[in-house]
Amino acid sequence: MNHPIFAANWKMNHGPSAARAFMKTFLTQYPRHYDRTVIFFPPAASIETVDRELENRPDILVGAQNIHWEDQGAFTGEISGPIARDAGATVVLVGHSERRHVFGETNEDTARKCAAAERAGLRPMLCVGEKLDEREAGKTKKVVVRQLRAGFSKLAQIDSFNPLVAYEPVWAIGTGRNATPDDASSIHGVIRAELRAIVGDRARAIPVLYGGSVNAGNAPSLLAASDVDGVLVGGASLDTGSWISIVRTRMTAEIPAGELASDE
Ligand code: PEP
């Protein structure tokens, strides 16, 4: 397994005051770690606030939840890659299921956004995942592979670039239903194979995170599943107590065998 990544997607929660208070509490209880990376994706208005709290913490990064595909211009209400970078972001979520299904983002949009991230020096975390009807129709692999190929199709330097991927089955996001560790492993294996077809052996170094109703109870078994390099967490990342329990998850080698069985 790669160095594990714990990513918090705050969605439209925690403006600058709440973000500052969260970070102050979090940082006093979470000293520097050398064996894992934490990434916060706050709303755009809170990126700079979170970044300011992170002095001398290279183990914690801040990212944007979304960027526009253009670098600047007449796009009222949008945030560009260079603006996110200037505010302190080094990573950006691209194609989160809420962007795809609430705001109508297409695979073509995600391709343009990954290219914009690359130009701005941001690592894109491309989110892929099937809807419930697609899963029930046996189309999960097809959907995920199509989203992956399309999302990375416009990168100029795919050979030297350093993206991340998050597998987030849409039916598991915010529903309390998570994929089993075996389900996650199986789709992560498909993603890894597709990445190998795109970038060769470097695919092994591209982190593939699982997201969808992750909490402190199911994080250990999901993180122990093969090819799962981290977790992307929405609801359970909003409260400092539950987020701290998740980021302190013990890795496989530290967990007594009997404890790995439960994933609920
Ligand atoms: C998400 O928003 O990326 C997510 C996985 O949400 P939740 O953990 O609430 O399902």
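G63 meets the conditions (1) part of a helix (DSSP H, G or I); (2) in contact with a strand residue (DSSP E or B) (Cβ under 6 Å, 6 or more places away or on another chain); (3) open to solvent by less than 40 Å² (accessible area, probe 1.4 Å) in every case but one. The failed one is (1). Restricting attention to the stretch 5-45, the residues being touching a Lys or Arg at 6+ places or on another chain (Cβ under 8 Å) and within 16 Å of the ligand (Cβ to nearest atom) number 3. Entry remark, the stretch 96-117: residues being assigned to a helix (DSSP H, G or I), over 12 Å from A64 (Cβ atoms) and of a type in the set (A, V, I, L, M) number 2 in total.
When we screen V143, V170 for residues that are in contact with an Asp or Glu (Cβ under 7 Å, 6 or more places away or on another chain) and within 16 Å of the ligand (Cβ to nearest atom), the only hit is V170.
Look at (1) in contact with a Lys or Arg (Cβ under 9 Å, 6 or more places away or on another chain); (2) open to solvent by 10 Å² or more (accessible area, probe 1.4 Å); (3) of a type in the set (A, V, I, L, M, F, W, C); (4) over 19 Å from L148 (Cβ atoms) and you find that W69 fails only one, number (4). Kindly provide the set of residues from the stretch 191-205 that are of a type in the set (A, V, I, L, M, F, W, C) and surrounded by fewer than 20 Cβ atoms within 10 Å (Cβ to Cβ), ordered by number. A193, A197, I198, V199, A203, A205, listed by residue number. For the stretch 118-144, a residue qualifies if it is among the aliphatic types (A, V, I, L, M), without any contact (Cβ under 8 Å) to a residue 24 or more places away in the chain and assigned to a helix (DSSP H, G or I), and exactly one does: V143.
The values are calculated or read from the model by the stated rules, or taken from the named source; none is laboratory data. Worth saying up front: this structure is predicted, and the values here are computed from it rather than measured. Cβ sites come from the backbone with ideal geometry, for glycine too, and all protein chains shown count toward neighbours. We work out accessible area using only protein heavy atoms, side chains counted, and drop any ligands, DNA or RNA first. Shrake-Rupley method; radii C 1.70, N 1.55, O 1.52, S 1.80 Å.
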